[in-house]
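J.: Sending over a structure as structure tokens; questions will come in a sec.
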Amino acid sequence: MECRTGCGACCIAPSISSPIPGMNGGKPAGIRCIQLTTDNKCMLFGKKERPAVCINLRASDEMCGKASEEAYSYLEYLEKATAIINI
């Protein structure tokens, strides 16, 4: 499956713990990646600086849904379901 042009949900909803150029500590969930353009395209796509987690993420019907809003909701759900709770 190809990514939906202009979606950007996977660059906003999940946290990324590995360094990203311009975000050395990664990024928290719900925060736009600094490498995401205003029209929701990755400025690192196809470049060696792109984090491995981003390179390895593959679009799927389940993850992407029928619209960007569905993709964001699904990724937000996964983020919350897998978050480590500090007690």
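Nothing in this text is a laboratory measurement; each read-out follows from the coordinates by a stated rule. Predicted model only: the values in this text are computed from it and were never measured. Methodologically, a virtual Cβ is constructed for each residue, glycine included, from the backbone with ideal geometry; neighbour enumeration extends over all protein chains shown.
J.: Does ALA81 count as hydrophobic (A, V, I, L, M, F, W, C), more than 12 Å from the chain's Cα centre (by Cα) and outside any loop (DSSP other than H, G, I, E, B)?
T.: Yes; evaluated as a whole, the condition is true for this residue.
J.: What residue, among those in segment 57-87 that are surrounded by 11 or more Cβ atoms within 10 Å (Cβ to Cβ) and charged (D, E, K, R), is farthest from CYS33 (Cα to Cα)?
T.: Filtering first and then ranking leaves GLU70.
J.: Mind listing just one residue for me: the one in segment 1-17 that is part of a loop (DSSP other than H, G, I, E, B) and aliphatic (A, V, I, L, M) and, of those, nearest to ASP61 (Cα to Cα)?
T.: Checked segment 1-17; the qualifying residue nearest to ASP61 (Cα to Cα) is MET1.
J.: Quick check on segment 1-10. Is at least one of its residues more than 18 Å from ALA83 (Cβ to Cβ), charged (D, E, K, R), surrounded by 15 or more Cβ atoms within 10 Å (Cβ to Cβ) and more than 9 Å from the chain's Cα centre (by Cα)?
T.: Yes.
J.: Inside segment 18-69, can you point out the residues that are in contact (Cβ under 8 Å) with a residue 40 or more places away in the chain, in a loop (DSSP other than H, G, I, E, B), closer than 11 Å to CYS3 by Cα and not aliphatic (A, V, I, L, M)?
T.: Of everything in segment 18-69, those that are in contact (Cβ under 8 Å) with a residue 40 or more places away in the chain, in a loop (DSSP other than H, G, I, E, B), closer than 11 Å to CYS3 by Cα and not aliphatic (A, V, I, L, M) turn out to be ARG58, SER60.
J.: Which of the residues spanning segment 54-76 are within 21 Å of LYS27 (Cα to Cα), among the hydrophobic types (A, V, I, L, M, F, W, C) and out of contact with any Gly (no Cβ under 9 Å at 6 or more places or on another chain)?
T.: Of everything in segment 54-76, those that are within 21 Å of LYS27 (Cα to Cα), among the hydrophobic types (A, V, I, L, M, F, W, C) and out of contact with any Gly (no Cβ under 9 Å at 6 or more places or on another chain) turn out to be CYS54, ILE55, LEU57, ALA59, MET63, CYS64, LEU75.
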